[in-house]
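Peer 1: Mind looking over this structure? Questions follow.
Every number in this text was worked out from the coordinates using simple rules, so none of it is lab data. A quick note: this is a predicted structure, and the numbers were derived from the prediction, not measured. Ideal geometry is used to build each Cβ from the backbone, glycine not excepted, and the neighbour counts take in all protein chains shown.
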Amino acid sequence: MRVLAIETSCDETSIAVVSNTGDRFCVETNILSSQAELHAQYGGVVPEVAAREHASYIMPMLTQAGVPHTGEGIDGIVVTAGPGLVPALRIGVELAKTLAWMWKKPLVAVNHLEGHIYSTWIKTDTIPTLPAICLLVSGGHTELIQMRDHGQYELLGMTRDDAAGEAFDKVAKLLGMSYPGGPNITKAAKEADPEAIAFPRPMIDSRDLDFSFSGLKTAVRVYLEKYPDVQREEVAASFQQAVVEVLVTKTMKAVMETEPASVILSGGVSANPELRAQLAHAVSAYNPSMKVHAPDLSLTGDNAAMIAVAGLKKLERGETVDPLTLEADPNMRLASYD
Ligand code: KG4
Ligand code: ZN
């Protein structure tokens, strides 16, 4: 099968054409336009600005993707329906509905987080084995999800306040670094001592699988007020280590409780090299034959290829929606507590 996928949930406009034979996916096109620089001047994503940008880029991108005006050769339209920013999501959803209706093709609504999970099925020789424990870490979400099978998810834990990526962005701002903060903190932390400052590890010993990062951000702010001359690199490295330790500890707790066949790490924060290395180390120390699957670095951020893969799996199961009634859902949930 071959689908056209559209992603406009936040600050990346993306269109992809992906085909598959079973679980082998061929990304024919994955066009991406990032607005990160535009939003940097506001210190974060402004929904109406994002929507305006999506609207101006999406049609030229559709042309660039080389999709025929008749929709010939396309078996379905896939779109991110949520979660995300409503004005931004709507641009993609309305285009997808129009194309599906005009071309009389099935329409598939994908949850953005499910897309991030399926980013680990692309550009790899070894796809995840199920059931899997998924650590989903992005700018808007931090969740531990048990993926029992394709389309079957159970929420094990989530953040009670800020998402991990949001914490990176806010601490970067405190350190005078631009948005998005994650990559800038990673760069600054590279040569510095991660044990230099003993920042708190919020909820690391709690019995549940939930997270909390807003107290850690406050601890960094208070530290900077107390020691204004501290080396920014040391703060970056110590903060990063605190976040990574909490994420790895909680993921391992979920692994020990559920004994999965593999571990999936995805979302924008999965680009973090320390998180990748320390999670891989912890998992292989626990069980040398258990694999950690993280996306290719070109696919950690938002992109339509991952949405297409999630959509192809849903299309195979016949999970389509009505183009006349589909609406963007900013709070769309992938999984709930059992
Ligand atoms: O998944 P994503 O591209 O967008 C959302 O769906 O939210 O994630 C963006 C987030 C931002 O908060 C960004 O700072 C973070 O991912 N990020 C990182 C790194 N690269 C991106 N966080 C930590 N370390 C990184 N290297
Ligand atoms: Zn995302």
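Peer 1: Kindly check whether there is at least one residue in the stretch 200-215 that is part of a helix (DSSP H, G or I) and either of a type in the set (D, E, K, R) or away from ligand 1 (no atom under 11 Å from the Cβ) (or both). If you could, list the steps in order and put the result at the bottom.
Peer 2: Pass one, the stretch 200-215, residues part of a helix (DSSP H, G or I): 214-215.
When the remaining residues are screened for being either of a type in the set (D, E, K, R) or away from ligand 1 (no atom under 11 Å from the Cβ) (or both), the result is 214-215.
Yes.
Peer 1: Among the numbered criteria (1) in a strand (DSSP E or B); (2) without any contact (Cβ under 8 Å) to a residue 24 or more places away in the chain; (3) more than 30 Å from Thr129 (Cβ to Cβ); (4) of a type outside the set (Gly, Ala, Ser), which one does Pro60 miss?
Peer 2: Answer for Pro60: the failing condition is (1).
Peer 1: Which of (1) over 19 Å from Asp161 (Cβ atoms); (2) under 22 Å from the mean Cα position of the chain (by Cα); (3) in contact (Cβ under 8 Å) with a residue 24 or more places away in the chain is the odd one out, the single condition Thr249 does not satisfy?
Peer 2: It fails just one condition, (1).
Peer 1: Looking at Thr29, Thr120, which is the one that is of a type in the set (S, T, N, Q), within 16 Å of ligand 2 (Cβ to nearest atom) and within 24 Å of His293 (Cβ to Cβ)? Talk me through it step by step, then tell me what you get.
Peer 2: On the way: Thr29 fails: within 16 Å of ligand 2 (Cβ to nearest atom).
Testing whether each residue is of a type in the set (S, T, N, Q), within 16 Å of ligand 2 (Cβ to nearest atom) and within 24 Å of His293 (Cβ to Cβ) leaves just Thr120.
Peer 1: Read through the list (1) under 15 Å from the mean Cα position of the chain (by Cα); (2) surrounded by 14 or more Cβ atoms within 10 Å (Cβ to Cβ); (3) of a type outside the set (Phe, Trp, Tyr), then give the number of the only condition that Val283 fails.
Peer 2: (1)
Peer 1: Out of the residues in the stretch 307-327 meeting the condition of being in contact with a strand residue (DSSP E or B) (Cβ under 8 Å, 6 or more places away or on another chain) and part of a helix (DSSP H, G or I), tell me which one is surrounded by the fewest Cβ atoms within 10 Å (Cβ to Cβ).
Peer 2: Applying the filter and picking the extreme gives Leu315.
Peer 1: If a residue must be over 20 Å from the mean Cα position of the chain (by Cα), touching a residue at least 12 places away in the same chain (Cβ under 8 Å) and under 30 Å from Met177 (Cβ atoms), how many such residues does the stretch 22-41 contain?
Peer 2: 1
Peer 1: Okay, moving on. Search the stretch 1-31 for residues being hydrophobic (A, V, I, L, M, F, W, C) and surrounded by fewer than 18 Cβ atoms within 10 Å (Cβ to Cβ), and hand back the single one that is nearest to ligand 1 (Cβ to nearest atom).
Peer 2: Restricting to residues being hydrophobic (A, V, I, L, M, F, W, C) and surrounded by fewer than 18 Cβ atoms within 10 Å (Cβ to Cβ), the top hit is Cys26.
Peer 1: Out of the residues in the stretch 244-278 that are away from ligand 2 (no atom under 16 Å from the Cβ) and closer than 22 Å to Met306 by Cα, which is surrounded by the most Cβ atoms within 10 Å (Cβ to Cβ)?
Peer 2: Only one residue tops the list, namely Val263.
Peer 1: Could you please find all residues in the stretch 133-156 being acidic (Asp, Glu) and within 14 Å of ligand 1 (Cβ to nearest atom)?
Peer 2: Within the stretch 133-156, Glu143 is the sole residue that qualifies.
Peer 1: Working only within the stretch 139-152, note down all residues that are more than 16 Å from ligand 2 (Cβ to nearest atom) and touching a residue at least 40 places away in the same chain (Cβ under 8 Å).
Peer 2: Leu144, Gln146, Met147, His150, Gly151
Peer 1: Can we say Ala50 is within 16 Å of ligand 1 (Cβ to nearest atom), crowded, with 19+ Cβ neighbours inside 10 Å, more than 30 Å from Thr251 (Cβ to Cβ) and among the small types (Gly, Ala, Ser)? I'd like the intermediate steps shown before the answer.
Peer 2: Numbers: within 16 Å of ligand 1 (Cβ to nearest atom): yes; crowded, with 19+ Cβ neighbours inside 10 Å: yes; more than 30 Å from Thr251 (Cβ to Cβ): yes; among the small types (Gly, Ala, Ser): yes.
It is true that Ala50 is within 16 Å of ligand 1 (Cβ to nearest atom), crowded, with 19+ Cβ neighbours inside 10 Å, more than 30 Å from Thr251 (Cβ to Cβ) and among the small types (Gly, Ala, Ser).
Peer 1: Shifting gears a bit: Residues Pro295, Pro330: which one is crowded, with 23+ Cβ neighbours inside 10 Å, part of a loop (DSSP other than H, G, I, E, B) and under 17 Å from the mean Cα position of the chain (by Cα)? Spell out the reasoning first.
Peer 2: Working: Pro330 fails: crowded, with 23+ Cβ neighbours inside 10 Å.
One residue alone meets the criteria, Pro295.
Peer 1: From the list Thr159, Thr186, which residue is hydroxyl-bearing (Ser, Thr, Tyr) and either near ligand 1 (Cβ under 10 Å from one of its atoms) or free of Cβ contacts under 8 Å to residues at least 24 places away in the same chain (or both)?
Peer 2: Thr186
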